[in-house]
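Reviewing the structure listed below.
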Amino acid sequence: MTAMAIPLGANLSFCVKRWVTPDLWAPLVRNELGLDLVQFSFDLIDPTWPDDLLAELAEDLRHIAAAHGITVHSAFIGLAHYTYNQLLHPNPRVRDVAEAWLARAYRFARLAGISRVGGPLGAVASRLDGTEHDAIPDADYRDLVSRMLRLSGVARQHGLTELYIEPTPMRREWPWTIDQARTMLDDVAGAAVPWKLCVDWGHGTFEPLYGSYRGRMETWYRTLGSGIGAIHIQQTDFRYDRHWDFTEPGAVDPAIAASLQRETGLEDRPVFLEVFYPFERDDASVLDAVRRSIRTLKPVFDGAQARRERS
């Protein structure tokens with residue numbers, strides 16, 4: 001049997017503060033990395049910028065990506081917006097602003113021809129004594145679900161087809177366990193635009209939270225299955241959410257990752273390399289590391305290595 005190719009792309013996180021416009025990142029993605037699939041990052045464009053500027057930037061993105069044969073599968077919120085507590089901030093007015101920010105993100109996605117948007121949803125504030133509990137307050141969770149349902153209506157107005165929740169390995173964010181993720185998907189099952197999960201190899205394997213040898217992607221894949229819409233891959237050590245590239249030694253074996261995706265029936269879900277670099281690192285070494293990482297991932301995700309091993 002021929003191993004089915006798994007769609008492989010790159011989150012444009014590595015382009016932040018470097019290759020910041022589509023006339024820079026599109027030829028790099030196509031010619032240097034040999035990819036035709038990307039996940040856009042809102043670290044490159046802030047959806048609260050003026051409407052006329054956003055319209056111009058969206059048109060550039062749509063046309064230049066198409067000219068290079070690149071599909072922009074989805075757009076994720078990026079690190080800048082993630083640093084705020086977003087939809088779980090203790091001040092409800094800040095939550096309102098975060099909800100409006102996402103509505104603007106959906107609007108930009110429509111203008112740019114991107115049909116999916118996602119990312120982590122928010123974080124409750126820390127307690128004065130530093131203790132962390134197994135659940136966020138119920139009122140906060142109910143408010144979050146209400147906002148998700150409202151946002152799905154906005155997404156439908158903008159013609160989006162899917163919204164993504166990215167589980168993170170922190171007790172202050174939601175969801176961070178498989179059961180929480182499953183409950184949340186059930187609670188938003190009637191949304192105008194479906195909510196799916198984007199699971200991350202550095203999140204679901206975080207041993208300080210889940211325990212040694214208990215935090216494994218196989219459990220996420222097999223339990224949540226149809227609720228998973230996309231996957232982030234990174235090199236990590238299961239001790240922190242590293243977001244290393246695959247030139248670094250770590251605990252993630254790309255061949256095992258690809259095999260697991262096929263074994264659990266998720267081979268049609270796109271997987272995106274998501275890596276981050278210090279801003280002061282030189283551009284040439286960043287490009288080289290990303291290029292080498294894609295060269296490591298491509299043979300196992302496109303099925304070539306699996307076919308060679310069977311022949």
Residue that is surrounded by the fewest Cβ atoms within 10 Å (Cβ to Cβ) [pool: residues in the range 62-100 that are touching a strand residue (DSSP E or B) at 6+ places or on another chain (Cβ under 9 Å) and among the basic types (Lys, Arg)]: Arg62
Whichever residue in the range 229-251 is surrounded by 21 or more Cβ atoms within 10 Å (Cβ to Cβ) and among the polar types (S, T, N, Q) and, among such residues, is nearest to Asp186 (Cα to Cα): Gln234
Residue match in the range 175-182 (condition: in contact with a Gly (Cβ under 9 Å, 6 or more places away or on another chain), among the aliphatic types (A, V, I, L, M) and more than 23 Å from Arg216 (Cβ to Cβ)): no
Selected residue (only one of Val252, Val193 is more than 22 Å from Asn11 (Cα to Cα), touching a strand residue (DSSP E or B) at 6+ places or on another chain (Cβ under 6 Å) and not in a helix (DSSP H, G or I)): Val193
Check on Ser226, surrounded by fewer than 20 Cβ atoms within 10 Å (Cβ to Cβ) and more than 30 Å from His158 (Cα to Cα): no
Residue match in the range 205-219 (condition: in contact (Cβ under 8 Å) with a residue 60 or more places away in the chain and over 23 Å from Ala289 (Cβ atoms)): no
Considering residues of the range 33-59 that are acidic (Asp, Glu) and surrounded by 15 or more Cβ atoms within 10 Å (Cβ to Cβ) only, the residue nearest to Thr296 (Cα to Cα): Asp36
Check on Glu218, acidic (Asp, Glu), more than 27 Å from Leu160 (Cα to Cα), surrounded by fewer than 21 Cβ atoms within 10 Å (Cβ to Cβ) and over 19 Å from the mean Cα position of the chain (by Cα): no
Filtered residue count, the range 252-287, keeping only those that are loosely packed, with under 15 Cβ neighbours inside 10 Å and in contact (Cβ under 8 Å) with a residue 24 or more places away in the chain: 4
Sole residue being in a helix (DSSP H, G or I) and in contact with a Phe, Trp or Tyr (Cβ under 7 Å, 6 or more places away or on another chain), chosen from Ala155, Ala139, Ala100: Ala155
Pick from the range 48-106, criterion under 19 Å from the mean Cα position of the chain (by Cα) and of a type in the set (Phe, Trp, Tyr), ranking: nearest to Leu160 (Cα to Cα): Tyr106
Test: residue in the range 42-55 that is in a helix (DSSP H, G or I), touching a Lys or Arg at 6+ places or on another chain (Cβ under 9 Å) and either at pLDDT below 95 or not acidic (Asp, Glu) (or both): yes
Checking Val275 against (1) under 19 Å from the mean Cα position of the chain (by Cα); (2) part of a helix (DSSP H, G or I), the condition it does not meet: (2)
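The values are calculated or read from the model by the stated rules, or taken from the named source; none is laboratory data. What you see is a predicted model; the values in this text were computed from it and never measured. Note: ideal-geometry Cβ built from the backbone for every residue, glycine included; neighbour counts use all protein chains shown.
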